[in-house]
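Student: Here it is: the structure, laid out below.
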Amino acid sequence: MHCPHCSTIIHFHGEHHVYRMTGNSGSPSGYELTEGFCPSCNQLIVHMSIGEYRWIEDQGEITNVVEEQFLYPKFLKRALDAAIPQKYGQMFNEAVAVLSASPRASAALSRRLLQQLLREEFKIVLGENANLDLELKEFYKLPEVPGHIKNVVDEIRQIGNWAAHPLKYKSTGDIVDVEPQEAEWLLDILEDILDMRFVQPNVEKERLAKYDQKRKDIRR
């Protein structure tokens, strides 16, 4: 997971508290509160998971998680490089801002941004009957896309069993159910694609400019 304070990828381990909800019909439900400190920035994090409650080995446990959110801090942060165009950065930041309150809304914004990037920046235009699933397959074929991004893109098509929920990629802006962590995974791959498309070319240009300057200095 990403730390909601400093955006560093961390393994969050904290103190767990599991509670059973009362007055529910069907399978018992409950929630788990995890509180601890980011190992990178040492800021407090409070996370909640909601799902089915069961008692096992003398303690409560939450399974089949249906909702997750940060209780503190309430608003998440992910820093983007200044090289990323504002129109993409704004939509990405909106998807980050609503992640805790509504993973479904965050995922809808992320899928819309992903499709916009594929069409505008990578010129993947397949016609009126195109959908995000087919466009991701074309993106996978592009020779300039690094292997690690190709692998993640191929996996993301299967996250949450998209094949069983075609609306997820046929109508990218729809608010549909998402699997736990799906919305955050979408943000991760968007970060990788934005970095590949806008940040790394700038890094390479700056590196070449330094080499050119060094050669000029040597000739002098």
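The values are calculated or read from the model by the stated rules, or taken from the named source; none is laboratory data. Source: prediction; values computed, not measured. With ideal geometry, Cβ positions are generated from the backbone for all residues, glycine too; neighbour counts draw on all protein chains shown.
Student: Would you check if residue 50 is part of a strand (DSSP E or B), among the β-branched types (Val, Ile, Thr), farther than 21 Å from residue 195 by Cβ and without any contact (Cβ under 8 Å) to a residue 24 or more places away in the chain?
Tutor: yes
Student: Of the numbered conditions (1) over 21 Å from residue 89 (Cβ atoms); (2) of a type in the set (Val, Ile, Thr); (3) in the same structural domain as residue 82 (by TED's automatic domain parsing); (4) modelled with pLDDT of 75 or more, residue 159 satisfies every one except a single condition; which is it?
Tutor: Every condition holds for residue 159 apart from (4).
Student: Also, quick follow-up: Any residue at all in the stretch 119-132 that's part of a loop (DSSP other than H, G, I, E, B), crowded, with 18+ Cβ neighbours inside 10 Å and among the basic types (Lys, Arg)?
Tutor: No, the conditions are met nowhere in the stretch 119-132.
Student: Consider only pairs whose beta carbons are under 9 Å apart and that are at least six residues apart or on different chains; among these, list those whose first residue lies in the stretch 122-144 and is closer than 17 Å to residue 195 by Cα and modelled with pLDDT of 90 or more and whose second residue is assigned to a helix (DSSP H, G or I) and not hydrophobic (A, V, I, L, M, F, W, C).
Tutor: Every condition considered, the pairs that remain are 122/135; 122/138; 122/197; 139/150; 140/150; 140/154; 142/150.
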